[in-house]
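Read-outs throughout are calculated quantities, based only on the coordinates presented, and are distinct from any laboratory measurement. Remember, predicted model here, so these are calculated numbers, not experimental data. Neighbour counts are summed over all protein chains in view; Cβ atoms, including those assigned to glycine, are modelled from backbone coordinates with ideal geometry.
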Amino acid sequence: MELDRYLPQIEEIVQTALDEDLKDGDITTSPLLPAHSQGRASFLARAEGVLAGIVIMPIVFNKVDPFLKFVELVSDGSMVKPGMELGTVEGNAGSLLKAERTALNILQHMSGIATLTARYVDAVKGLPVKILDTRKTTPGLRCLDKYSVAMGGGINHRYNLGDMVLIKDNHIAVLRREGRSLGDIVQLARSKTPARIKIEIETTTPQEALEAAAAGADIVMLDNMSLDAMREAVKLINRKAIVEASGGVNLDTVRSIAETGVNWISVGTITHSAPSLDISLKIKI
């Protein structure tokens, strides 16, 4: 995922975060530090993980003070270890301190997502399956969250509701009241959707999965099925559609799910529950 296309949104995210912190000024830094004080600070990893968000640090610091100079030492997507220097920033000491918390919040949050994603990717290593994210992202931070997933080796599922057709249980419940079968629903979606747009539908049994694939669904989601049911669904679909597993996925179950033969495994946890990676910013005297 390229961040360049989301640059205006990233600028807005950073500005909102800085406004949160600096709306009433910094009544610690401003009166205590002489205006001319200079400093050089280093970002240091304090835990092992995958780095994400270092490319956004210049935006943060330059919004606080355009004369701050940031140097990236480690690229996004790299594995980092405790004590590793990730980047440096140099300039007015007061400006450094005013930007510190926003910079760390973003870097720690994004690196946490990348790190957890990498753990899932590593858990299915050697199997022909992809780890995907979902739209269960931090409100307002989707572009950052999904970029972080990509840095951890995961694949981005649809970015928003306009990317692809995904017929979920609640869509199905409404349409079933209209007397439509699962196959009817897929065909209705196809009749109203441009050919270039993929159609995915959620299913709960192997028989539903077969019906969806036979009706022309591009992607069939196996929602909260048992391992045996997933294996049966994969066999019944027989490569007529991409098969995605969803629900009940964690680090203890993901490899077993991958071994059923599904093509994709979507994991909401990697964006909605990833712990932040421990990173510090230290000013050198």
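Each peptide in 51-64, 80-93 gets a packing score, the mean of other Cβ atoms within 10 Å over its residues, and the list from highest to lowest is 51-64, 80-93. If I fit a long axis through the Cα atoms of helix 142-151 and take the longest principal axis of the Cα atoms of the chain, what angle between them do I get, 0 to 90°, rounded to 10? Helix 142-151 and the main axis of the chain meet at about 90 degrees.
Solvent-free Debye calculation, one equal scatterer per alpha-carbon of the range 202-285: log10 I(q)/I(0) at 0.19, 0.21, 0.23, 0.24 Å⁻¹ equals -0.76, -0.88, -1.01, -1.07. Residues Val74, Val50, ranked from the fewest to the most other C-beta atoms within 10 Å, line up as Val74, Val50.
Straight-line reach from Lys23: taking Cα to Cα under 21 Å and skipping same-chain neighbours fewer than 8 places apart, the lysines in range are Lys63, Lys98. With both residues required to sit in the chain, DSSP beta bridges show an antiparallel share near 50%.
Shape summary of the range 1-81, radius of gyration then Dmax from alpha carbon positions: 15.0, 43 Å.
To the nearest ten degrees, helix 182-191 and the longest principal axis of the Cα atoms of the chain are 70 degrees apart. Across the range 110-185, Cα-Cα pairs farther apart than 16 Å form 59% of the total. Per-residue ellipticity at 222 nm, computed for the chain from helices alone with -39500 (n - 2.57) per DSSP H run of at least four residues, works out to -12500 deg cm²/dmol. With the largest listed first and rounded to whole Å, the semi-axes of the equivalent ellipsoid of the chain from the Cα gyration tensor are 45, 20, 13.
Qualifying trypsin sites (Lys or Arg not before Pro) in the range 100-195, where qualification requires a DSSP coil assignment and no more than 10 other C-beta atoms within 10 Å, comprise Lys125, Lys192.
Spatially close Lys pairs in the range 126-272, defined by Cα atoms under 17 Å apart and a spacing of eight or more places or different chains, total 6.
I want to verify the translational diffusion coefficient of the range 191-250 in µm²/s; compute it with Stokes-Einstein, Rh as the Kirkwood radius over Cα pairs, at 4 °C and 1.567 mPa s. Answer, rounded: 113 µm²/s. Over the C-alpha atoms of the range 126-272, the Rg to Rh ratio, Rh being the Kirkwood estimate, stands at 0.96. Relative to the longest principal axis of the Cα atoms of the chain, the long axis of helix 7-22 lies at roughly 50 degrees. Partner aspartates and glutamates whose Cα lies under 13 Å from the Cα of Lys125, excluding those fewer than 8 positions away in the same chain, are identified as Glu259. Distance between Cα centroids, the range 30-89 to the range 97-160: provide it in whole Å. Between the Cα centres of the range 30-89 and the range 97-160 lies a distance of 20 Å. Sorted ascending by nearby beta carbons within 10 Å, beginning with the fewest, Ile172, Ile283, Ile131 become Ile283, Ile172, Ile131. Separation of the range 184-219 and the range 249-285 by C-alpha centroid, Å? If we compute the Cα centre of each part, the gap is 29 Å. Under the combined filter of DSSP loop state and at most 14 neighbouring Cβ atoms within 10 Å, the range 10-51 retains these GluC sites (Glu not before Pro): Glu48.
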